[in-house]
1. Given a 1.4 Å probe and the protein chains all in place, what does the accessible area of residue 38 round to, in Å² to the nearest 10?
2. Counting other C-beta atoms within 10 Å, and keeping those with at most 14, which DSSP coil chymotrypsin sites (Phe, Trp or Tyr not before Pro) do you find in segment 1-105?
3. Could you list which residues have their amide H under 5 Å from that of residue 59, counting only those 5 or more apart in sequence or on another chain, with H placed in the peptide plane?
4. Hey, got a sec? Which GluC sites (Glu not before Pro) in segment 110-149 land in a DSSP loop and have at most 12 other Cβ atoms within 10 Å?
5. With every protein chain kept in the model, how would you rank 23, 117 by accessible area, 1.4 Å probe, largest at the top?
6. Tell me, what HN-Hα J-couplings in whole Hz come from the Karplus equation 6.51 cos²θ - 1.76 cosθ + 1.60 at θ = phi - 60° for each residue of segment 134-148, using x for Gly and Pro?
7. Summarise the accessible area of segment 1-121 (1.4 Å probe, protein heavy atoms) by the percent that is carbon and sulfur.
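The values are calculated or read from the model by the stated rules, or taken from the named source; none is laboratory data. Because the structure is predicted, anything quoted here is derived from the model rather than measured. Heads up, the Cβs are rebuilt from the backbone with ideal geometry, glycines too, and the neighbour counts pull from every protein chain shown. All accessible areas refer to the heavy atoms of the entire protein, side chains included, with ligands and DNA or RNA removed. Shrake-Rupley method; radii C 1.70, N 1.55, O 1.52, S 1.80 Å.
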Amino acid sequence: LGHNDSGPLDSGRARNSLPGTGKESTDVTIVETGEKETVFTYGEYIRRMAQDVLDRGGHPILCSLTPRPSWQENGLLERKMDTFTAWEKAVAEEMGIPFVDLEAISANRFDGYGREKTATLFKDTIHTGEEGARENARSAAEGLRGLRGGGGWSGGPGKTSARRDSGSCGSMWTRTAA
């Protein structure tokens, strides 16, 4: 999800989603295979994944994408505040589930490092190397710790652990009893 959600809906990699958080969908036929598929909004896919976790007794935690090494003229990393991050946050608020803004936490850290050091954390224009992954993991830990103090961490008593549920840049953590 996220950075893979670009391109055509019906050909090539055909991994795109519709923009936004609505319930809209469109039916497509994949050019290369003739397979029919229904494509939903990005928010609807996130909503469905979160609901699946809830239906199984889990406690989903939505997370924004991590930042890309794309710099603005003001010297700060670009943020996707009007697209993916906003959509994830809106679904979390709608469903009453926690949200961790990994993009803001990591971007703030990378802004402080500057362009040169931040460049060493990425393998390309999207993916981090090992040290960049460690930095994003630190951001995830910071965000999850923040949920505990901010009342966003809910669920039953006992020890808890967080587990990543989707792809490398994506979107959902679940809280499970340890």
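1. 50
2. Working: sites: 40, 42, 45, 71, 84, 87, 99; in loops: none.
When the chymotrypsin sites (Phe, Trp or Tyr not before Pro) of segment 1-105 are filtered for loop state and at most 14 Cβ neighbours within 10 Å, nothing remains.
3. The answer is 175.
4. Details: sites: 116, 130, 131, 135, 142; in loops: none.
Sparse-neighbourhood loop GluC sites (Glu not before Pro): none present.
5. These residues rank, largest area first, as 23, 117.
6. For segment 134-148, the Karplus curve yields 5, 4, 5, 5, 4, 5, 4, 4, 4, x, 5, 4, x, 5, 4 Hz.
7. Working: 3080 of 6310 Å².
Taking all protein chains in place, segment 1-121 shows 49 percent carbon and sulfur surface.
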